[in-house]
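Below: one structure, written as structure tokens.
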Amino acid sequence: MSNVSKAFRLASLLAVPTAFGAGGPENALVVVNADSWASMAVANAYIDARGIPQANVVYLKDIPSFERIGVDEFRQKILQPVIRTAELRGIARQVDYVLYSSDFPTAIDTSADMAGKEFPKVITQPASSTGLTFFYQFTLSKNPGYLGMNANFYFRQVSQAIEPMQWPEDELSRYRAAMQKLQDFGARREMERAAREKEEAAAKKQGRVPFVASPDAEAMARELAVLRAAAAELAALKEKHPRNTELLYNFACMRARLGEGDAAMELLREAMENGWWDMAHARRDADLASLHDRADFKLLDVRAKDVKFDLWPTSGFRSSVGWMPNGQPTQPDKGFRYLLPTVLAQTSGRGLSVTESIANLRRSIAADGTNPRGTFYFMENGDVRSTTREWGTARAAEKLRSLGMQAFVEKGVLPASKSDVAGAMIGIADFDWAKSGSTILPGAICEHLTSFGGAMEDGAGQTPLSAFLRAGAAGASGAVTEPYAIQAKFPTPFIHWHYAQGCTLAEAFYQSVAAPYQLLVVGDGLCAPWKKRIVPVVSELTPGRELKGAMKVSPAIQSPDGLQPAMVELALDGRRVAIAKPGEPLAFDTSLAPDGAHELSITVTASDALATQGRISVPVVIRNRESLIRVTAPSGDWAWDKPLEISAAAPGATGVAFFHNLRDLGRISGAEGRITVDPRTLGMGPVRILAAAMFGDKKETRAAPIVLNIVPPSVLPASALAAGQTLAPGFRVIPAGQPAVVVEDGKGDWLAKAGVQRDGEFSVEGWFEAESDDVHQFQLSGPKTLAISVDGTPIAWPRGGGWWYVPVPLTKGLHRFRIEGKADGEPKLDVRFGGKGTERIHGSFFKHAKAG
């Protein structure tokens, strides 16, 4: 590699200290599937709207699937390249958020990491892409610790329920010994119960009387004597620690096992009076089975919702620190480190259209800091998907009201005819939001606890999380497979409490989920509707100002919400170059940076627990030399089917390079020349192209960015059937040299069943209905030789090493498609199509024409 190439590869990356602020564009890494037009389009729109620096965008190619891959592939093709790129660019320590654009796999098979180990039944797989990214340290080291039910130390737990026992060692030893006796006694009773149930089931099946073993009275007496001695130990410990809720609860379990129901109930009441609240666990606890039908136990269940328990304080997030089991940050090497991931948009399978997704993201971005005056709704309906979280609904609503918010616990599935949904917690398998008559406000988090809300592949059951996004929510979540109704795998009701205090959407989600390994989180992770305001003001920095030599700026800090500044940072093109305390100047030597156009931003971080940030960003020109670069290029809208020519002249330069978010688009050798760019490789939507000239002294000069809006070419008008033709279910497959076969199911070996031979040529054709005027898409996975046309027009689009994503601008109405190909060995082809999401081709949607 030449010296010029080395200089251009990672031009002018500056090593700078890292601060602990979070929540802005410099803290986010946007990850793009460069083979997917949808992923590129979503990313372009988001990068433009959020002001994401070019260094904070990572492009990946040859992703094998947009649905499901194995954990080794996820590590090698996605997670490792993302982390490594951030490190190479010198921004790893400032990145807190990983935001995946669309068309990345959402379900990750973790069998390889689980092999040879035993896990409880509730540890199901696959995991989600966001879950494994959150636990990136575990994932990269192949440590299945990410499957733990309490693996997230950033989770804000209920404080009373997890208060550690600060007891002398001799007391702890006595307590553990007593608990072991309870566990042993309970295990034997459960084994006996299971044996009885098995015998009863066998007898019923065989039509006989169940065999009932005679109890061993002497053995039972001995066991009860051991348990009573253990109870005496707990009674003695209770005298010294009368308010410890763990002790009180477990003592109640022991009394219940001993048949002392009244004493057990009194201990549960004492536990509740001291802050214990988890009646959902008590209802499932076999030790308390003898109490479950008692009226006073059921009354306690009602009282539990009114317990005034508290949580660990809401906290801002920093990936550069470690997190300890007590929820506190510590030095990086003394705790677990995480990243906050979300998927920006889901445009395949049961997702939204690209147009819907971009509109939703822009709506969410516009909601930042607007302090929506809506209402949070916690819905209860008796379904286990609802009851799993009802322990916290009343307290969450109460805490929201203490902030001045409107919050209600209501009966039903969805809020009915509400015009002000600022957030919603739902527990149901299926729903139709449109029929609720309710309106979701910009920035809202709405999610539901159910088995397959995050299973985004075509044909998965239950209502997907995308239903909330389509209705206007900024963020939603769902499990990618059957998780069981376990609270730890889903957000607690307090997600809205964290959010309403000013957290970002991603911070709110990950503070409320103890075990997020299976949860797919979709939405703008940076969205912060209730973010408090703090702003740096620098009157001497105006757009286009020229800077030279050493510079100093002393920003004034304004906060209408009364926040106090803790730190001020200066960043150049998204990379931090200076940090100062409030009142001190930010200093930077501009000669360390290339001459030419740059983006200068100043960020102030407040001293509050959330490390709230405010920033200003100004385009400036650094001019320490006399070197110049002139660029000639189109501007405004540019159709993606027209080659894009860019010319540059830089007197005295040894070469000029062109970049799109640090992707190398082309180079000119010498002082002037031109390049031709395929606009399809830039993606649809707003793009910024940077030109940089390199001189013999290894100095660099940058031109002002080339700003373009890549748009689709003319849309294809609807087609019409020939006179006398009608449509019938199924599409046609025409094997080379054979008659056409009508196929209604595009799954599995459908080509072979239709008669396509090994290494044989074939074509597939049919008709479909476009539901709107928009860019639709085909997604194809199959042989190397493939071509597609719509309405007789060939559709050309670059193809990567994974799926082939082909956008087609269509008008609403009937259209005709044709796919031609040649099998690579056994004939295999997977074809998806859609506008609002995609689905595998099938006979009820794709038709064939026949004589009327």
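The values are calculated or read from the model by the stated rules, or taken from the named source; none is laboratory data. Note that this is a predicted model, so its numbers are computed, not measured. Here Cβ is always computed from backbone atoms with ideal geometry, including for glycine, and neighbour counts include all displayed protein chains. Calculation scope for accessible area: heavy atoms of the full protein, side chains included, ligands and nucleic acids excluded. Shrake-Rupley method; radii C 1.70, N 1.55, O 1.52, S 1.80 Å.
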If we only count helices (runs of 4 or more DSSP H) wholly inside region 212-276, which ones have 3 or more residues that are within 26 Å of Glu192 (Cα to Cα) and open to solvent by 20 Å² or more (accessible area, probe 1.4 Å)? 217-240, 245-257
May I ask you to list pairs of residues, at least six apart or on different chains, whose Cβ atoms are under 9 Å apart, with the first in region 721-732 being among the charged types (D, E, K, R) and the second being open to solvent by 60 Å² or more (accessible area, probe 1.4 Å) and part of a strand (DSSP E or B)? Arg732/Val742
Could you check, for region 292-305, whether at least one of its residues is outside any helix (DSSP H, G or I), surrounded by 19 or more Cβ atoms within 10 Å (Cβ to Cβ) and under 32 Å from the mean Cα position of the chain (by Cα)? no
Return the pairs, sorted by first residue and then second, in which the second residue is of a type in the set (Val, Ile, Thr), the first residue lies in region 165-192 and is at pLDDT 90 or above, the beta carbons are less than 8 Å apart, and the residues are 6+ apart or on different chains. Lys181/Val226; Phe185/Val226
Report whether or not Gly145 is closer than 29 Å to Gly475 by Cα and free of Cβ contacts under 8 Å to residues at least 12 places away in the same chain. yes
How many residues does region 86-100 hold that are in contact with a Gly (Cβ under 8 Å, 6 or more places away or on another chain) and at pLDDT below 95? 1
Region 372-409: number of residues that are of a type in the set (S, T, N, Q), outside any helix (DSSP H, G or I) and crowded, with 19+ Cβ neighbours inside 10 Å: 1
Only one of Asp637, Asp641, Asp664 is of a type in the set (Asp, Glu), assigned to a loop (DSSP other than H, G, I, E, B) and open to solvent by 40 Å² or more (accessible area, probe 1.4 Å). Can you tell me which? Asp641
Go through region 800-834 and count every residue that is modelled with pLDDT of 95 or more and either open to solvent by 60 Å² or more (accessible area, probe 1.4 Å) or part of a loop (DSSP other than H, G, I, E, B) (or both). 14
Any chance region 736-756 includes a residue that's under 30 Å from Val621 (Cβ atoms) and assigned to a loop (DSSP other than H, G, I, E, B)? no
Looking at region 644-661, which of its residues are part of a strand (DSSP E or B) and not small (Gly, Ala, Ser)? Leu644, Glu645, Ile646, Thr654, Val656, Phe658, Phe659, His660
Counting only residues that are part of a helix (DSSP H, G or I) and either surrounded by 21 or more Cβ atoms within 10 Å (Cβ to Cβ) or among the charged types (D, E, K, R) (or both), how many does region 667-685 have? 1
So which residues in region 483-508 are within 16 Å of Gly327 (Cβ to Cβ) and modelled with pLDDT under 95, if there are any at all? Ala488
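Each row is one residue, and each column tells you yes or no for (1) open to solvent by less than 20 Å² (accessible area, probe 1.4 Å); (2) touching a residue at least 60 places away in the same chain (Cβ under 8 Å); (3) in a strand (DSSP E or B).
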position: Pro536; (1), (2), (3): yes, yes, yes
position: Leu570; (1), (2), (3): yes, no, yes
position: Ala578; (1), (2), (3): yes, yes, yes
position: Ser591; (1), (2), (3): no, no, no
position: Ala597; (1), (2), (3): no, yes, yes
position: Thr603; (1), (2), (3): yes, yes, yes
position: Ala609; (1), (2), (3): no, yes, no
position: Val618; (1), (2), (3): yes, yes, yes
position: Glu626; (1), (2), (3): no, no, no
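Here is a yes/no grid of residues against (1) modelled with pLDDT of 95 or more; (2) out of contact with any Cys (no Cβ under 6 Å at 6 or more places or on another chain); (3) assigned to a strand (DSSP E or B); (4) surrounded by fewer than 18 Cβ atoms within 10 Å (Cβ to Cβ):
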position: Ile47; (1), (2), (3), (4): yes, yes, no, no
position: Ile52; (1), (2), (3), (4): yes, yes, no, no
position: Phe66; (1), (2), (3), (4): yes, yes, no, no
position: Ile69; (1), (2), (3), (4): yes, yes, yes, no
position: Gln80; (1), (2), (3), (4): yes, yes, no, yes
position: Arg84; (1), (2), (3), (4): yes, yes, no, yes
position: Ser102; (1), (2), (3), (4): yes, yes, no, no
position: Lys117; (1), (2), (3), (4): no, yes, no, yes
position: Gln125; (1), (2), (3), (4): no, yes, no, no
Looking at Val764, is it closer than 25 Å to Lys642 by Cα, touching a residue at least 24 places away in the same chain (Cβ under 8 Å) and surrounded by 16 or more Cβ atoms within 10 Å (Cβ to Cβ)? no
Taking the residues in region 343-371 that are under 27 Å from Phe778 (Cα atoms) and among the hydroxyl-bearing types (Ser, Thr, Tyr) as candidates, determine which candidate is most open to solvent (accessible area, probe 1.4 Å). Thr355
Run Gly443 past the list (1) open to solvent by 40 Å² or more (accessible area, probe 1.4 Å); (2) outside any loop (DSSP other than H, G, I, E, B) and report the number of the one that doesn't hold. (1)
Can you name the number of the only condition in (1) out of contact with any strand residue (DSSP E or B) (no Cβ under 7 Å at 6 or more places or on another chain); (2) at pLDDT 90 or above that Gly382 fails? (2)
